[in-house]
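Enquirer: Before I ask anything, here is the structure I am working with.
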Amino acid sequence: MNHLIILPVAIYLGAGFLIPLIARKDEVLAGIAGVLFTFLVFITSLFLSIDVFTNGRIVYFAGGWEKPLGIALMLDPLSCLFLLMTNTITFIIMLYSTVYMKKFTGVPYFYTLFMIMLAGMNGILISMDIFNIYVFFEVASIASFTLVAFGLKAEELEASVKYTVMSIIASTMITFAIALIYGLTGTLNISAFMSSSAGLSPVHLWFIAGLLLSGFALKTALVPFHSWLPDAHSMAPAPISAILSGMFIKVVGLYVLIRITTNIFITLPQIRIVLLLFGVFSMLFGGLMAYGQKNIKRLYAYSTISQIGYCAIGLGIGGYLGYLGVLMHFIAHGFSKALLFLNIGAVEYMTGTTEADQLKGLNDRMPVTTLFGSTGMLGIAGVPPMGNFWSKLIIIIAAIQAGYPGIAVLCIIVAVITLGYFLKLQRTVYYSRAEESVKAEAPKMLLLPMGILAVLVFISGILLIPGIRQHSLDKAVSVMENFSYTDIKTGDLQ
Amino acid sequence: MIIYILVALMFFTGLYGIIAKKNIIKIIVGVNIVGYVTSLLFVIFGYKWDGIAPILTQDMNYSQFVERAVDPLPQALVLTSIVIDLAFVAFLAALAIRIFERYGTFDIDKIRRLKG
């Protein structure tokens, strides 16, 4: 059973290199194989998640080496939540890209890069060794730089250059921190580092924490480090924007930040204050910048910065409610932002533009697409039945309880701003009158994935119903509240 | 101690190349330098004066071996990080060629179609 833990990485690595070979015979078959492989990983991660949520975490040492030597892999409820979300959204996006990517050339390489990126993302989620996390982080990052530039238009290349150079700065900081960790403690295993970090001087610990924090905050696009995100996420092909905005920045950035703040540097509570500041600035800046955007994809990208700010605030506040808010918000935002990017992709597929000025009266032309788009927008804006409403509410209550009433007020103001720019977009683009309107709905294979996501946006709030919450979110929150490196039942990590 | 200061100096040289230079090729050189610095730091942590290769032969006793052998793990890590840096540089170079085809320049101040 424990050996299954490496499957989410191994299947994608194998499939990534198998698909170009299949595509030599038949390109349609390659698309079907891509969908089947993502479905296989989705089923595997569902299976693993059920096991982890019922029986507790899985600890595995790669290559059969015993504790101090082998590379520690681990799946606990927190990483399972991210794993399941990633692979659900991936499967839905893969369905979409089989049709959407037809207008590009070299589609088999798209599948290869996409799957290598996912292998990297899943690898980060199962690793418990800091160098292993770094290697998978780079695998995912390099694939994502290439995917941003996939269309090879001038703007896409420009966005990719900015994204690559910024990410290299981040990864240099992280490598430096890893070198320092190894030089000062002689280990790279996170739990062994934990036990020997007590002997480090506070200056060293602060330096390492600062390097790691700024490196991963850059990948999360928290505000002083955000400048690459609007370019990269607005220029990538729609399915890639959806996975980058929906899951990539959360796995590569937020997940590692959660591990750093709650599991690794527990002796440095000041990290939370820094995260809180980053979060407030991201939330305000992203929300205000989104208001003035002309390009719809760029607006969505700024909205991602704003919403990831909420996650950072929840993480900075801490406590049961803060952590619950983070998890709920990343789930709800992942579904709704993926839906919005797929939706604008369908609009682009039919009309050829994403500029708000050139689009009018979409409701008359594409009623079903408009319906799904409105669902996603109301979802992110936090209209009551959707998951985002509850997550924002939880974060606001947590802020008040922790004694930050100012931040709670700012959260409410940004929520209103968010609703404002989405309503403006709906009025000018979706529900306006156009002089001539020919009904031209998007193809069914583009509508189906959007439909699945729209349903998921609607029902993601049920995760908070007490009976379901105890078995899913509460277990992940308990990992963040008190993580133990030694566990008799499932085996020690040290 | 002086060796760490030199490493820091080299790191800031590379960072200066990435941040302050306007030419993409010079930025790539900066990326290269920064990559070398991190590799160098790893190797320094594993280095021993007058060290021997970490291979245990029959005529050595353990305590002598532990005292003299260099740490092999940083060298394995450096290999990985060199490969990653190579991927970065190769990708950026390919991107720079494409950029030159589209924009006709390497100057990042002139490569500015994305705004707002």
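Enquirer: Could you give me the residue pairs with C-beta distances under 6 Å whose first residue belongs to the stretch A:223-246 and is more than 14 Å from every other protein chain (Cβ to nearest Cβ), whose second residue is β-branched (Val, Ile, Thr) wherever it lies, and which are 6+ apart or on separate chains?
Expert: Listed by first residue and then by second, the contacts come to A:Pro239/A:Ile93; A:Ala242/A:Ile93; A:Ile243/A:Ile93; A:Ser245/A:Thr304; A:Gly246/A:Ile89.
Enquirer: Moving on to the next point. When you go through A:Phe82, A:Phe47 one by one, which is the residue that is part of a helix (DSSP H, G or I), of a type outside the set (Gly, Ala, Ser) and either within 23 Å of A:Val256 (Cα to Cα) or free of Cβ contacts under 8 Å to residues at least 12 places away in the same chain (or both)?
Expert: Details: A:Phe47 fails: either within 23 Å of A:Val256 (Cα to Cα) or free of Cβ contacts under 8 Å to residues at least 12 places away in the same chain (or both).
After applying the criteria, what remains is A:Phe82.
Enquirer: Which residues, counting only those in the stretch A:198-208, are surrounded by fewer than 21 Cβ atoms within 10 Å (Cβ to Cβ) and either within 13 Å of another protein chain (Cβ to nearest Cβ) or touching a helix residue (DSSP H, G or I) at 6+ places or on another chain (Cβ under 7 Å) (or both)? Quick ask: steps written out before the conclusion?
Expert: At the first step, the residues of the stretch A:198-208 found to be surrounded by fewer than 21 Cβ atoms within 10 Å (Cβ to Cβ) are A:198-207.
A:Leu200, A:His204, A:Leu205, A:Phe207, listed by residue number.
Enquirer: Specify which of the listed residues (A:Met166, A:Met194) is more than 8 Å from every other protein chain (Cβ to nearest Cβ) and modelled with pLDDT of 90 or more. Before you say what the answer is, go through the steps one by one.
Expert: Numbers: A:Met194 fails: modelled with pLDDT of 90 or more.
The match here is A:Met166.
Enquirer: With respect to A:Ser241, determine if the residue is in a helix (DSSP H, G or I) and among the hydroxyl-bearing types (Ser, Thr, Tyr). Please lay out each step first, then the result.
Expert: On the way: in a helix (DSSP H, G or I): yes; among the hydroxyl-bearing types (Ser, Thr, Tyr): yes.
For A:Ser241, the condition - in a helix (DSSP H, G or I) and among the hydroxyl-bearing types (Ser, Thr, Tyr) - is met.
Enquirer: For the structure I just gave you, tell me whether A:Phe285 is under 23 Å from A:Ala399 (Cβ atoms) and assigned to a helix (DSSP H, G or I). Working first, answer last.
Expert: Values: under 23 Å from A:Ala399 (Cβ atoms): yes; assigned to a helix (DSSP H, G or I): yes.
Considered against the rule, which asks whether it is under 23 Å from A:Ala399 (Cβ atoms) and assigned to a helix (DSSP H, G or I), A:Phe285 comes out as yes.
Enquirer: Conditions first: (1) within 27 Å of A:Phe150 (Cβ to Cβ); (2) more than 9 Å from every other protein chain (Cβ to nearest Cβ). B:Phe65 passes all but one, so which condition is the exception?
Expert: Unmet for B:Phe65, out of (1) within 27 Å of A:Phe150 (Cβ to Cβ); (2) more than 9 Å from every other protein chain (Cβ to nearest Cβ): (1).
Enquirer: Filter the stretch A:346-364 down to residues that are of a type in the set (D, E, K, R) and part of a loop (DSSP other than H, G, I, E, B), then give me how many there are.
Expert: Here is the first cut: in the stretch A:346-364, the ones of a type in the set (D, E, K, R) are A:348, A:355, A:357, A:360, A:364.
If we keep only those that are part of a loop (DSSP other than H, G, I, E, B) too, we end up with A:357, A:360.
Going through the stretch A:346-364 one residue at a time, the tally reaches 2.
Enquirer: Suppose the filter is more than 14 Å from every other protein chain (Cβ to nearest Cβ), crowded, with 23+ Cβ neighbours inside 10 Å and β-branched (Val, Ile, Thr); does A:Thr86 pass it? Break it down stepwise before answering.
Expert: Values: more than 14 Å from every other protein chain (Cβ to nearest Cβ): yes; crowded, with 23+ Cβ neighbours inside 10 Å: yes; β-branched (Val, Ile, Thr): yes.
Taking the combined requirement at face value, the residue satisfies it.
Enquirer: Output the residue which, of all residues in the stretch B:1-49 that are charged (D, E, K, R) and more than 12 Å from chain A (Cβ to nearest Cβ), is nearest to B:Phe88 (Cα to Cα). Full working, then the answer.
Expert: From the stretch B:1-49, those charged (D, E, K, R) are B:21-22, B:26, B:48; that's our starting set.
Okay, now just the ones that are also more than 12 Å from chain A (Cβ to nearest Cβ), so B:22, B:48.
Working: B:Lys22: 19, B:Lys48: 30 Å.
Residue satisfying both the conditions and the ranking: B:Lys22.
Enquirer: What residue, of A:Leu324, A:Leu284, A:Leu288, A:Leu275, is under 28 Å from A:Ile93 (Cα atoms) and either out of contact with any Leu (no Cβ under 8 Å at 6 or more places or on another chain) or touching a residue at least 12 places away in the same chain (Cβ under 8 Å) (or both)?
Expert: Of the residues listed, the single one that is under 28 Å from A:Ile93 (Cα atoms) and either out of contact with any Leu (no Cβ under 8 Å at 6 or more places or on another chain) or touching a residue at least 12 places away in the same chain (Cβ under 8 Å) (or both) is A:Leu324.
Enquirer: Could you identify the single residue in A:Val416, A:Val438 that is exposed (fewer than 15 other Cβ atoms within 10 Å of the Cβ) and part of a loop (DSSP other than H, G, I, E, B)?
Expert: Going through A:Val416, A:Val438 in turn, the sole match is A:Val438.
Enquirer: Another question, if that's okay. If you check A:Leu205 against the conditions, is it over 13 Å from A:Val256 (Cβ atoms) and in contact (Cβ under 8 Å) with a residue 12 or more places away in the chain? If you could, list the steps in order and put the result at the bottom.
Expert: Details: over 13 Å from A:Val256 (Cβ atoms): yes; in contact (Cβ under 8 Å) with a residue 12 or more places away in the chain: yes.
Yes, satisfied.
Enquirer: Still on this structure: If I ask for residues that are of a type in the set (S, T, N, Q), crowded, with 21+ Cβ neighbours inside 10 Å and under 19 Å from A:Val416 (Cα atoms), which ones from the stretch A:357-378 would you list?
Expert: A:Thr375
Enquirer: Identify all residues within the stretch B:98-116 that are assigned to a helix (DSSP H, G or I) and surrounded by 13 or more Cβ atoms within 10 Å (Cβ to Cβ); write none if there are none.
Expert: As a first pass, look at the stretch B:98-116 and keep what is assigned to a helix (DSSP H, G or I): B:98-103.
Once the filter is applied, which keeps residues that are assigned to a helix (DSSP H, G or I) and surrounded by 13 or more Cβ atoms within 10 Å (Cβ to Cβ), the stretch B:98-116 yields B:Arg98, B:Ile99, B:Phe100, B:Arg102, B:Tyr103.
Enquirer: Checking A:Gly183 against (1) more than 11 Å from every other protein chain (Cβ to nearest Cβ); (2) part of a helix (DSSP H, G or I), only one condition comes out false. Which one?
Expert: (1)
Enquirer: With the requirement that a residue be within 18 Å of the chain's Cα centre (by Cα), crowded, with 24+ Cβ neighbours inside 10 Å and among the small types (Gly, Ala, Ser), what does the stretch A:144-169 give you?
Expert: Across the stretch A:144-169, the qualifying residue is only A:Ser144.
Enquirer: Among the candidates B:Gly51, B:Gly35, B:Gly46, single out the residue that is closer than 23 Å to A:Ser227 by Cβ, touching a helix residue (DSSP H, G or I) at 6+ places or on another chain (Cβ under 9 Å) and of a type in the set (Gly, Ala, Ser).
Expert: Values: B:Gly51 fails: closer than 23 Å to A:Ser227 by Cβ; B:Gly46 fails: closer than 23 Å to A:Ser227 by Cβ.
Checking each option against the conditions leaves just B:Gly35.
Enquirer: Would you point out the residue of the stretch B:99-116, among those that are facing chain A (nearest Cβ under 8 Å) and among the β-branched types (Val, Ile, Thr), that is farthest from A:Trp228 (Cα to Cα)?
Expert: Applying the first criterion (facing chain A (nearest Cβ under 8 Å)) to the stretch B:99-116 yields B:99, B:102-103, B:108, B:111-114, B:116.
From what's left, among the β-branched types (Val, Ile, Thr): B:99, B:108, B:111.
On the way: B:Ile99: 17, B:Ile108: 14, B:Ile111: 14 Å.
Selected residue: B:Ile99.
Enquirer: Please go through the stretch A:128-155 and pick out each residue that is touching a Ser or Thr at 6+ places or on another chain (Cβ under 9 Å), more than 8 Å from every other protein chain (Cβ to nearest Cβ) and not hydrophobic (A, V, I, L, M, F, W, C).
Expert: Matches in the stretch A:128-155: A:Tyr134, A:Ser141, A:Ser144.
Enquirer: Does A:Ile190 satisfy the criteria of being closer than 30 Å to A:Asp231 by Cβ and within 27 Å of the chain's Cα centre (by Cα)?
Expert: So A:Ile190 fails the test.
Enquirer: Please find, among A:Ala30, A:Ala23, A:Ala72, the residue that is in contact (Cβ under 8 Å) with a residue 24 or more places away in the chain, farther than 23 Å from A:Tyr323 by Cβ, among the small types (Gly, Ala, Ser) and in contact with a strand residue (DSSP E or B) (Cβ under 8 Å, 6 or more places away or on another chain). Show your work before the answer.
Expert: Values: A:Ala30 fails: in contact with a strand residue (DSSP E or B) (Cβ under 8 Å, 6 or more places away or on another chain); A:Ala23 fails: in contact with a strand residue (DSSP E or B) (Cβ under 8 Å, 6 or more places away or on another chain).
Every option except A:Ala72 fails the conditions.
Enquirer: Something else now. Among the residues of the stretch B:27-62, how many are closer than 27 Å to A:Leu184 by Cβ, among the hydroxyl-bearing types (Ser, Thr, Tyr) and more than 8 Å from the chain's Cα centre (by Cα)?
Expert: The number of residues fulfilling the criteria is 2.
The values are calculated or read from the model by the stated rules, or taken from the named source; none is laboratory data. As the structure is a prediction and not an experimental result, all values here were calculated from the model. Here the Cβ is made from the backbone with ideal geometry for all residues, glycine too, and neighbour counts use every protein chain on show.
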